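This report concerns only the one structure given below.
The values are calculated or read from the model by the stated rules, or taken from the named source; none is laboratory data. Computed from a predicted model, the values in this text were never measured in an experiment. Accessible surface is based on the protein model in full, side chains and every heavy atom, while ligands, DNA and RNA are left aside. Shrake-Rupley method; radii C 1.70, N 1.55, O 1.52, S 1.80 Å.
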Amino acid sequence: MKLLEDRIRKDGIVRPGGVLKVDSFINHQMDIHLFREMAREWKRLFAAKPINKVLTIEASGIGIAAIVAAELDVPVVFAKKAMSINLDYDNYETRIQSFTHKKIYNVIVSKKFLGPDDHLLIVDDFLANGCALVGLLDLADRAGATVEGIGIAIEKGFQPGGEVIRARGIQLESLAIVDAMDDETGAITFRPQPHQS
Ligand code: 5GP
């Protein structure tokens, strides 16, 4: 999506270790106009899918997912990070290795809010190694829900997550795929995606 790629080029900051900072428009300050345009693009890309709920993970997925849910006119649920093992049988639970904090989290969703009738669009801000998405897919699986697709704002194509998810046959639409970035020059190379706007 050209709008997002242009914004990343303008305001994204390439950090050492393959980290892209987008604090001024996604991860700290949030550009709601941009989120709305992203939501409209996902609505177009997933138009054939009977989505009736959006699923994301706290914290940074929530802002984008809320705007997507408003655009699709469906509820949004976020998986919560719990520090300790929670022996609460009212929750589905899985474990996720965090890319940014290098920790393992227990992640939960209440059984009240995820079940076999749900046709999900999973939304998140970044796709790196794919751990967050694999965890969300596991929660959906435990709940008997159907994953209709996954919408990611920024995929880092030089990390393995995208391949892991596409190998499962799930429609994954990352609105910007960064194939390379250089922390010395700040140069960013995007993968061409002709089916996107
Ligand atoms: P994964 O689980 O795919 O390895 O990492 C995904 C999660 O890590 C995302 O939800 C995002 O919060 C965080 N993340 C991964 N890479 C980056 C990055 O380069 N920049 C930022 N801001 N967050 C990232």
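Things worth noting here:
- Set of lysines with alpha-carbon distance to residue 2 below 18 Å, sequence-local pairs under 8 removed: 10, 43, 156
- Of the accessible area of segment 99-197, computed with a 1.4 Å probe over protein heavy atoms only, carbon and sulfur atoms account for 51 percent.
- For a straight C-alpha distance cut-off of 19 angstrom, the lysines reachable from residue 103 (same-chain residues fewer than eight places away being disregarded) are 80, 81.
- Calculated accessible area for segment 68-151 comes out at 49 Å² per residue, all protein chains present (probe 1.4 Å; ligands, DNA, RNA ignored).
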